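Presented below is the structure to which this report refers.
The values are calculated or read from the model by the stated rules, or taken from the named source; none is laboratory data. This one's a predicted model, so the numbers in the text were calculated from it and none came from an experiment. So basically every Cβ, Gly included, is an ideal-geometry build from the backbone, and we count neighbours across all protein chains shown. Note: accessible area is taken over every heavy atom of the protein model, side chains too, but ligands, DNA and RNA are not part of it. Shrake-Rupley method; radii C 1.70, N 1.55, O 1.52, S 1.80 Å.
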Amino acid sequence: MKYTVVLPAAGSGKRMKAERNKLLLELSGKPIFIYTLEVFDKDPHCEGMWLAVKEEERQLIEDYVKRFGIRKVKGYATGGAERQDSVRAGLELAGQSEIVLVHDAARPFISPVVISELVERASESGAAIAGVPVKDTIKKVREAVITETVDRAALWMIQTPQAFRYELLLEAAHLAQADGFLGTDEAMLVERMGHPVQIVESTYDNVKMTTPDDLIYGKAILASRLQEEQS
């Protein structure tokens with residue numbers, strides 16, 4: 001099953017404590033977002049990528065895309081004030097596609113196997129997202145006092161990619177815009193329409209590069225993968 005992917009890439013470096021877009025920071029000599037694009041670029045089922053970027057960073061990002069030989073980037077949307085705005089702009093630019101994925105450009109370690117299952121599930125049910133079961137004990141806290149220990153059996157940490165039938169996600173995005181509703185992810189916009197969203201178990205390696213600690217983890221993942229390739 002073929003798909004297209006929208007990648008919001010108009011973030012900042014605030015939580016990374018960087019003075020520029022965290023996606024431009026390097027892991028082992030390569031910008032974070034290039035690792036992400038390479039996963040989709042190598043996938044024969046991916047028909048194209050659309051990036052939502054800051055206008056002032058567009059040329060720099062285009063230069064990196066050319067330098068590293070990324071072939072499937074089809075266009076660039078101007079990122080909005082919120083991530084949700086950036087994704088909607090990317091969707092509108094991409095045009096109609098049966099299945100569309102939304103993926104954080106700051107998640108460079110997504111598994112192609114997970115991508116394939118997400119696309120299959122979305123084609124069947126309309127919506128599927130990646131996630132992993134919560135491993136830690138979770139407690140509700142109020143004013144520094146524990147009020148409840150939550151049963152973690154039903155709790156998942158949600159990731160991207162999130163996969164949808166194109167028309168479903170576009171309708172959800174436009175409805176949220178009309179209602180002035182701001183969601184924390186694309187699935188939330190679809191959920192509020194009453195449409196069920198399936199979950200596909202991902203890997204814990206699919207971490208989002210957000211803080212300096214994540215960069216350390218990212219370098220460890222790269223080193224481990226290189227060692228596996230050489231063994």
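At a glance:
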read-out: Residue list for segment 29-69, filter: more than 20 Å from Val87 (Cβ to Cβ), open to solvent by 10 Å² or more (accessible area, probe 1.4 Å) and of a type in the set (A, V, I, L, M); value: Leu60
read-out: Residue match in segment 94-107 (condition: in a helix (DSSP H, G or I), open to solvent by 10 Å² or more (accessible area, probe 1.4 Å), closer than 27 Å to Asp179 by Cα and not hydroxyl-bearing (Ser, Thr, Tyr)); value: yes
read-out: Residue match in segment 118-129 (condition: of a type in the set (A, V, I, L, M), farther than 20 Å from Leu93 by Cβ and either open to solvent by 80 Å² or more (accessible area, probe 1.4 Å) or part of a loop (DSSP other than H, G, I, E, B) (or both)); value: no
read-out: Pair list, Cβ under 7 Å, 6 or more apart: segment 89-106 residue within 24 Å of Lys208 (Cα to Cα), other residue among the charged types (D, E, K, R) and buried (at least 24 other Cβ atoms within 10 Å of the Cβ); value: Val102/Glu186; Ala106/Lys22
read-out: Some residue of segment 126-148 being touching a residue at least 24 places away in the same chain (Cβ under 8 Å) and acidic (Asp, Glu); value: no
read-out: Extreme residue, surrounded by the most Cβ atoms within 10 Å (Cβ to Cβ), among residues of segment 172-203 that are in a helix (DSSP H, G or I), in contact with a helix residue (DSSP H, G or I) (Cβ under 9 Å, 6 or more places away or on another chain) and acidic (Asp, Glu); value: Glu186
read-out: Where a residue in segment 40-58 is within 20 Å of Glu92 (Cα to Cα) and among the β-branched types (Val, Ile, Thr) and its partner, wherever it lies, is outside any strand (DSSP E or B) and open to solvent by less than 10 Å² (accessible area, probe 1.4 Å), with Cβ under 7 Å and at least six apart; value: Val53/Ala9; Val53/Ile61
read-out: Those residues of segment 77-93 which are surrounded by fewer than 16 Cβ atoms within 10 Å (Cβ to Cβ), among the charged types (D, E, K, R) and not in a loop (DSSP other than H, G, I, E, B), in sequence order; value: Glu92
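Residues are listed down the side, and each one gets a yes or a no for (1) exposed (fewer than 12 other Cβ atoms within 10 Å of the Cβ); (2) in contact with a Gly (Cβ under 9 Å, 6 or more places away or on another chain); (3) not in a strand (DSSP E or B):
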position: Phe164; (1), (2), (3): no, yes, no
position: Tyr217; (1), (2), (3): no, no, yes
position: Ile221; (1), (2), (3): no, no, yes
position: Ser224; (1), (2), (3): yes, no, yes
position: Gln227; (1), (2), (3): yes, no, yes
